[in-house]
1. I'd like the full set of residues that are touching a residue at least 24 places away in the same chain (Cβ under 8 Å) and surrounded by fewer than 21 Cβ atoms within 10 Å (Cβ to Cβ), limited to the stretch 321-330.
2. Which residue, of ASN183, ASN216, ASN116, ASN159, is among the polar types (S, T, N, Q), at pLDDT below 95 and farther than 22 Å from ASP65 by Cα?
3. What strands (runs of 3 or more DSSP E) lie completely within the stretch 175-250 and have 3 or more residues being over 18 Å from ASP55 (Cβ atoms) and among the aliphatic types (A, V, I, L, M)?
4. Could you tell me whether any residue of the stretch 172-193 is over 21 Å from ILE315 (Cα atoms), buried (at least 21 other Cβ atoms within 10 Å of the Cβ), within 18 Å of the chain's Cα centre (by Cα) and small (Gly, Ala, Ser)?
5. In the stretch 159-171, which residues are closer than 16 Å to SER310 by Cβ, of a type outside the set (D, E, K, R) and either in contact with a Gly (Cβ under 8 Å, 6 or more places away or on another chain) or buried (at least 24 other Cβ atoms within 10 Å of the Cβ) (or both)?
6. Kindly indicate whether LYS185 is among the basic types (Lys, Arg) and over 28 Å from LYS341 (Cα atoms).
7. When the stretch 268-312 is examined, which residues are found to be open to solvent by 10 Å² or more (accessible area, probe 1.4 Å) and outside any loop (DSSP other than H, G, I, E, B)?
8. Can you tell me which residue in the stretch 3-43 is nearest to GLY186 (Cα to Cα), limited to those that are open to solvent by less than 20 Å² (accessible area, probe 1.4 Å) and part of a strand (DSSP E or B)?
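The values are calculated or read from the model by the stated rules, or taken from the named source; none is laboratory data. For clarity, every value in this text was computed on a predicted model and none was experimentally measured. Quick reminder, even Gly has a Cβ in these numbers, built from the backbone with ideal geometry, and neighbours come from all protein chains shown. Protein only, heavy atoms only, side chains kept; ligands, DNA and RNA dropped before computing areas. Shrake-Rupley method; radii C 1.70, N 1.55, O 1.52, S 1.80 Å.
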Amino acid sequence: LANGISGHEKEVAGVFKSWVEKSVDRIEYDNLGSIVAVKEGKENGPKLMFAGHIDEIGFLVKSIDENGYLRLQPVGTIAILSCSSQPVVVITRCDRQYVGVIGSKAPHGLKPEVRNKVMDMQDLFVDLGVSSKAEVMDMLGVQVGDMIVPKADFHVLANPNYLMSKAWDDRVGAAIVIDVLRNLKGESTDATIYGVGTVQEEVGLRGAKTAAQMINPDVSIALDVTIATDTPGDDNRIKMGVGATLEVMDGSYIGHKGLLYYLEDLAKELEIDTQFELLSAGGTDSGEIHKVHDGVISLTVSIPARYIHSHYGIIHRKDYADTVTLLTEFSRRLDDEVLTKLVNSKRI
């Protein structure tokens, strides 16, 4: 499993490139590190951007104490409740990798109010199994600013449609972008298609902004996860295994209704079930892309996932496959006529 927290996505970009480069005409980059796979369409045809961010949540080494414990600087929003006793990997400048664990106190003898209290971020530390600061820095080569990522494996669960791994947020979105371009290999499309693995989404949608400024797309679809609410105690509103989840709005954008309805109708034609998501907080790459230049027709298509921003999340194969099918067909159909209809859907 590739490692790459926000600002350190090069390894993940390399995987993205290796999977997509034979299906497109060229590979480009912006100066933050977002990778852009370009499939040329007809001259002066529409420009379609797919964006799936390739960064994951994690930590940086904030400080090293005299006993060799690493204090943590979070990168992205971390579910602190899930951190204690979890394994991590510390990666140095020279790409040395060391397994450690986020320390937790044994419950024996602790007062109930302490035993049941969620630790503050400032109290978290990584234990590398060493005895001193000198050992960490001089022998291991670990220094302040080094990347710390969750250590987790990929698992196919009891029902093989359910897949568990780290960083589905948002490696699953990036994988969908790749599979759409693979499906279109050898086909002619009116639209020039830009499949982007964006960087630094978890810290402010930064790569989406710079990549979209470079591309200046007419239409953009961001692929990201959303919170599945089909677990005990939730409202069962957003379910896994439905099909395609179309995001009406979140805290960063309001989806373009013309594009939303077009994809809804296309999904019905393809016999793909859909569900609608609305969030009052949080954001996706669409939040920055839709504001580029004079505005971009934008929508986020989501993959429901359980337990995001922790060591392990779960997704469903059907959501993935149906989303790939829907967006592949949309890519084939986007032409000047469809673009004009989308533009005019906002005009009187």
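1. VAL324, THR325, THR328, GLU329 - these are the residues of the stretch 321-330 that are touching a residue at least 24 places away in the same chain (Cβ under 8 Å) and surrounded by fewer than 21 Cβ atoms within 10 Å (Cβ to Cβ).
2. ASN116
3. 219-227, 244-249
4. No: zero hits.
5. Passing the criteria: MET164, SER165, ALA167, TRP168.
6. Against the criterion (among the basic types (Lys, Arg) and over 28 Å from LYS341 (Cα atoms)), LYS185 does not qualify.
7. LYS268, GLU269, THR274, GLN275, PHE276, LEU278, GLU288, ILE297, ARG306
8. Going through the qualifying residues, I end up with LYS39.
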